Amino acid sequence: MVSSLQNNVRRHPVERTANARWRLAIAGRLLPHEWLGGAFLVLLWARLVLVEGVFGHSTSWLALLIVSNALVLVSGALRESEVRWRLRLLFYPVAMNLVYFLLGSAVPHIHPALVDAELQAVDRWLFRGDAVLYLQHWVHPVATELLSLCYLWYLFYLFSSQIQYLFADLRTVKAFYAGLFSIYAIGYLGYVTFPALGPYLAMADQFNVPLTGGWFTHLTSQIVLAGSNRVDVFPSLHVANSIYILLFDYYRNPRRFRLCLLPCAGLVIATVYLRYHYFIDVICGLGLSLFALWLSQRQWGRHNSSKEVVNDDTLMQARAHYRRV
């Protein structure tokens, strides 16, 4: 009996040390987008609890995503492999697409007032006038059709890039996803903080030159009207994501960079020409893409660094302890 008590006394400090090592190892191996994305989900959930309660529709879905995220991270840390890493990286593509549509109903509870007037005022201050309205002088059916095609091309570029890099070497896929989904986390925070409709809705009565074109123009308009969550303006994730991918391609896939350079340039122009974004949205989207590229490059350099090796050793020690127990 006394011997058993003594063993328990000696064992508890060891377990506490192993638990601490385990938590430290997992935290040290989180990628930038997992820190930012997790923080965003928790922050959004906390803000919604204040207005919806714990069991509201949006809060319940967010709680499910937060718990799922934790389970994915822990299960991946228990027995790491290349396959488990790639499955882990797929969590945020799924989660952020679900959150996008959730924001349409959640944001009005948090921030009922739209900020289109404020974004338009920033444009006026920057350009000494309404830059979006000024582009009416350059409207032409051919230009509208070509730029609509560029705007549609974004969807292909975004999803094909995720698939392509998912099957690249592990160092590359970690770096790519770390930057791309950091953009989503920060961009969605912008949607929550500065919700807006965009010029095509908020300024519809101020345009006197209609956008006319062909099949691509009509299709783009229908997709935007049907798919928008009505708060997805600031910053422009069309710009942030496409420029980030383009710059990532510059370093990792130069041939693809050259092929996609012109469509990306058209896409940036299209966001304002087609009246979906204000100029300030584009400027902040460009800044966000550069920040994401920095995070990506930092993750690239961190792979197999001394810090990651230390985390590997810590994780191995913690696993060994739990196997003995």
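Where a number appears in this text, it was derived from the coordinates with a stated rule and is not lab data. Predicted model only: the values in this text are computed from it and were never measured. As a convention, Cβ positions derive from the backbone with ideal geometry for all residues, glycine included, and neighbour counts pool all protein chains shown.
Quick check on the exposure proxy: order D123, D232 from fewest to most C-beta atoms within 10 angstrom.
On the way: D123 23, D232 27.
So the ranking, lowest neighbour count to highest, is D123, D232.
For segment 151-207, the list of chymotrypsin sites (Phe, Trp or Tyr not before Pro) that fall in a loop by DSSP and count at most 13 other C-beta atoms within 10 angstrom reads F167.
Which shape class, rounded, prolate or oblate, goes with segment 157-218 when its Cα gyration tensor gives a ≥ b ≥ c as root eigenvalues, a/c under 1.5 marks rounded, and past that a/b bigger than b/c marks prolate? Numbers along the way, then the final one.
Numbers: a/c = 6.18, a/b = 1.80, b/c = 3.44.
It is oblate, given that a/c is not under 1.5 and a/b is not larger than b/c.
Distance between the modelled labels on F291 and R79, one decimal in nanometres: 3.9 nm (7 Å Cα→Cβ projection). What fraction of the Cα pairs in segment 104-189, stated in percent, has a spacing above 22 angstrom? Roughly 59 percent, rounded to a whole number. Couplings 3J(HN,Hα) of segment 266-276, computed from phi: x, 5, 4, 5, 4, 4, 8, 4, 7, 6, 8 Hz, in residue order, whole Hz [Karplus 6.51 cos²θ - 1.76 cosθ + 1.60, θ = phi - 60°; x for Gly and Pro].
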